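Here's the structure, in structure tokens; my notes come after.
The values are calculated or read from the model by the stated rules, or taken from the named source; none is laboratory data. Keep in mind it's a predicted model, so treat the numbers as computed, not measured. Every residue, glycine among them, receives a Cβ derived from its backbone with ideal geometry; neighbour counts consider all protein chains shown. Quick note on the areas: whole protein, heavy atoms, side chains included, nothing else; ligands and nucleic acids left out. Shrake-Rupley method; radii C 1.70, N 1.55, O 1.52, S 1.80 Å.
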Amino acid sequence: MDLSHILQDLQQCKAPEEGHSPAEPDTLLCRPVAEVLLHVQEKLKAPGLTTDQSGEILHIVEQLFRLGDRHWLFSECCSNQSTDLTREYVDFVSSLTLYAALPLCDNDSGTLPESSFEAIPARACVVSLVVLALVQRLGNGGEVVSSHCQATSWVFLTGPLAPLLCVFALTHMQDQAWTSEASRTAASNLLDSVVQAGDWETTSQLLFGKNNTERQPGILGSILEILQSDLKRDSWKRNQATKHVFAWIVMQVGRPWLTDYLEKVFPPSLLMSDDYCTDNQVLGVRCLNHIVLNVPAADLCQYNRAQVLYHALFNHLYTSEPQLIEVVLPCLIDLLPVLEKDPACTGLPRKPNRYDEVLRLTLTHMETEHKLALRSVYAKFLEHFIEKMGIVIVRHLKRLERVIIGYLEISDGPEEQTRLAILDALEKTLLIAWPRMECRLSALVQSLLRLVCDLSTESIPPAVREELVTKATHCLLLLDHCTQGKLKVGIKQYHCTTQGVELAFNLQVYFLLNTTWQ
């Protein structure tokens, strides 16, 4: 059977009510649809087949799904009698997705050169159009079937077919080396069509089910089953798209559904975070952070999952990669309440715990760090950590003071993100540990006034300078309140350049005129 004659046969076999003559006995309707699908699969596997030739074949198949008689395509009777159409269509869609699949990577790096993906976007576009035509035809439940037999609908194919289509769409809709703008658009349209055809309203309903009923269950479990074989220790790097599809799926699952799939999502996430490649580590830690936020503490602590995760994240603190530290620190901040009681409610005496362990190591690294990018990341999360620890921060004031003073001295660029973050951390420290500030008054006042003095000579945007001065002034006000007005004495003892002396004098007048704390 030549595929080039399919469209001609389709026109001859059109439904009688449209005015077409009946088909001859040797037309396409006399052949089972499974035979046609199998023939297409064999054609695509033929050796020496060029991309243009395969594209022509798939274009014909697309027209077949769009124009073919729905009774012939989906009814398990007449020419399709004794045929398991569900299995046939699953096999057919699987072969199409394999046609547009990424080449496997056999080296330990888990990455291939971009030249290896040159043909993938075009193949993905063609396959997306073919499968889109199939989904739209299946979803057209109101179409008249020219037979007394009931045609197979999308509902019966949801379980086995939708997970395959979802994984394929997610593979090609992300901005990666194996996608183009056209392939991403085609894949996104396919995913939207799957959602609409199944009478779901959102992608979340596609994953979890509609109204959490058995009548229309979700496909999340089936998707994870498909990915599970490619997420083992010895296979997860072979396909570069698998980890991105897995991460996207995990990020869509929230409470309470994620708990039911914890055994399937936790090990792969931990495996990725333990890799030597920074990008894989970042992806794994992001998944782990999402798991921590969306799984109850009791389930995390079961089988010592939380302790294992803590040790894995703690070891990452020794890295010097800013992008990894940026995801590790917030994950640790979210994980510590699972392992430890609130520092403010632990009773007396308050014994050191993992909060102190993490902050001690972080401050040590901050004190000796010279890379501006890494200093900015550390400073950004310092305030959150201080807020979590509460009054227990007094254990670390000596080292924290050195870090704050050191970070205020060095500019990190026009935006001054590091200085702004450190001023926020200082403000939070003053609000929490104010009884211990009097002995540190002199050093902090000198550092803040030196900062304001330096800002008058540094070339930074006016809006940034104003924000820094405002935050520094607020910290001075807090210091004055903490020490019951002793800040004025510290200002009198501060001397630097002429501008600094003038500034100190203006600040002194300000405090004298505003003796009432606001």
- Item | Residues within region 223-257 that are more than 24 Å from Arg184 (Cβ to Cβ) and more than 14 Å from the chain's Cα centre (by Cα), tallied | 10
- Note on the structure: Residues in region 223-279 that are surrounded by 14 or more Cβ atoms within 10 Å (Cβ to Cβ) and under 20 Å from Tyr310 (Cβ atoms) total 15
- Message: Looking only at region 258-287, filter to residues that are of a type in the set (Asp, Glu) and farther than 21 Å from Gln302 by Cβ; which one of those is nearest to the chain's Cα centre (by Cα)?
- Response: Asp279
- Message: Restricting to region 335-384, count the residues that are part of a helix (DSSP H, G or I), farther than 21 Å from Asp424 by Cα and among the charged types (D, E, K, R).
- Response: 2
- Subset of region 402-418 (residues that are within 15 Å of Leu476 (Cβ to Cβ) and open to solvent by less than 10 Å² (accessible area, probe 1.4 Å)): Ile404, Leu408
- So Leu37 clears everything in (1) at pLDDT 85 or above; (2) closer than 19 Å to Trp178 by Cα except one condition, right? Which one? (2)
- Note on the structure: Within region 105-121, residues more than 19 Å from Val93 (Cβ to Cβ) and assigned to a helix (DSSP H, G or I) come out as Glu114, Ser115, Ser116, Phe117, Pro121
- Query: Could you say which residue among Ala472, Ala379 is modelled with pLDDT of 90 or more, within 26 Å of Arg354 (Cα to Cα), in contact with a helix residue (DSSP H, G or I) (Cβ under 6 Å, 6 or more places away or on another chain) and small (Gly, Ala, Ser)?
  - Reply: Ala379
- Every residue from region 174-212 that is exposed (fewer than 15 other Cβ atoms within 10 Å of the Cβ) and hydrophobic (A, V, I, L, M, F, W, C): Ala182
- Query: Which one of these does Val328 not meet: (1) out of contact with any helix residue (DSSP H, G or I) (no Cβ under 8 Å at 6 or more places or on another chain); (2) buried (at least 22 other Cβ atoms within 10 Å of the Cβ)?
  - Reply: (1)
- Message: Can you tell me which of (1) buried (at least 16 other Cβ atoms within 10 Å of the Cβ); (2) at pLDDT 85 or above; (3) assigned to a helix (DSSP H, G or I) is the one Trp72 doesn't meet?
- Response: (2)
- Note on the structure: Scanning region 421-462 for residues that are farther than 13 Å from Glu409 by Cα and of a type in the set (Lys, Arg), the one surrounded by the fewest Cβ atoms within 10 Å (Cβ to Cβ) turns out to be Arg436
- Task: Please tell me if Leu503 is at pLDDT below 80, of a type outside the set (Ser, Thr, Tyr) and buried (at least 18 other Cβ atoms within 10 Å of the Cβ).
- Result: yes
- Selected residue [within 30 Å of Leu112 (Cα to Cα) and in a helix (DSSP H, G or I)] from Leu207, Leu231, Leu190: Leu190
